[in-house]
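The next block holds one structure in the form of structure tokens; read it before the comments.
Just so it is clear, none of the values below were taken in a lab; they were calculated from the coordinates. These numbers come from a predicted model, not from an experiment. A quick note on method: Cβ atoms are made from the backbone with ideal geometry, for glycine too, and the neighbour counts reach across all protein chains shown.
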Amino acid sequence: MPINLTINGSRKSVDVEGDTPLLWVLRDKLDMVGTKFGCGVGQCGACTVHIDGQPVRACLTPVESVGEAKITTIEGIGSAAVGKKLQQAWIEHDVPQCGYCQAGQIMSAAALLATTPKPTDDDIDAAMNGNLCRCATYLRIKAAIKQAAGV
């Protein structure tokens, strides 16, 4: 079934079943492998993307449910001012260790800063609560978010 999507500002067409998870459309059909498969049940946040600016778990999102909404992935987040600041802060704080979860972490952080430009520690903890990091870089993640926010 042909499905049209808007991803990072570009129109894409894929021929998949409507119940195919968005994660697999991105990775397997469009070769956009920045979005990671983690747990497959929406618990770890590695597959976080934005749909109309809201963070969602791509592993749980049937592609047909996206409709005309705009999808932003880690490949596109750097084109937004907030995303660019976050990526730079991630580098300056040397946040990633294994790096596997970092795409999802940055996507959740970008969604937070879009709605809460000057987050408190509690705001950051709440927004990042669903993103797990096996390397436990949480303190560096928080520091990077604060730097990007200028707080």
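Taking 15 Å as the straight-line reach from the Cα of K85, the aspartates and glutamates in range (excluding those fewer than 8 positions away in the same chain) are E75, D94.
Centre-to-centre separation between the Cα atoms of the range 4-40 and those of the range 126-146: 25 Å.
So, with +1 on the Cβ of K and R and -1 on the Cβ of D and E, and no other charges, what is the size of the charge dipole of the range 82-151 about its Cα centre, to the nearest 20 debye? Display every interim value, and only then the final one.
Numbers: 7 positive and 6 negative charges, 35 e Å.
The calculation lands at about 180 debye.
Each residue, A136 and W24, gets one label point 7 Å from its Cα in the Cβ direction; the gap between the two is 3.5 nm.
Counting only alpha carbon atoms, the long axis of helix 102-115 and the longest principal axis of the chain meet at about 80°.
Against the chain, whose longest principal axis comes from its Cα atoms, helix 138-149 is set at around 90 degrees.
Label zone of A143 (point 7 Å out along Cα→Cβ, amide N under 18 Å): in the range 94-120 this covers 94-99, 102, 106.
Assign unit charges at the C-beta atoms only (+1 for Lys and Arg, -1 for Asp and Glu), then state the dipole size of the chain relative to its Cα centre in Debye, rounded to the nearest 20.
Numbers: 14 positive and 15 negative charges, 80 e Å.
Dipole size: approximately 380 debye.
Taking 32 Å as the cut-off for C-alpha to C-alpha distance, list the pairs among K36/K146; K29/K118; K12/K118; K12/K142 that go past it. With Cα atoms farther than 32 Å apart: K29/K118; K12/K118; K12/K142. In the chain, the alpha-carbon atoms span a convex hull of 94 Å³ per residue.
As a check on your grasp of the helix formula, calculate [θ] at 222 nm for the chain: sum -39500 (n - 2.57) over DSSP H runs of n ≥ 4, divide by the residue count, round to the nearest 500.
Values: 4 runs with 46 residues, N = 151.
Calculated from helices alone, the mean residue ellipticity at 222 nm is -9500 deg cm²/dmol.
Normalised by the number of residues in the chain, the average gap of Cα pairs under 8 Å and 6 or more apart makes the relative contact order 23 percent.
Spin-label model, L60 to F37: label points 7 Å out along the Cα-to-beta-carbon direction sit 1.9 nm apart. Most tightly packed first, judged by the mean number of other beta-carbon atoms within 10 Å of their residues, the peptides 121-134, 4-17 read 121-134, 4-17.
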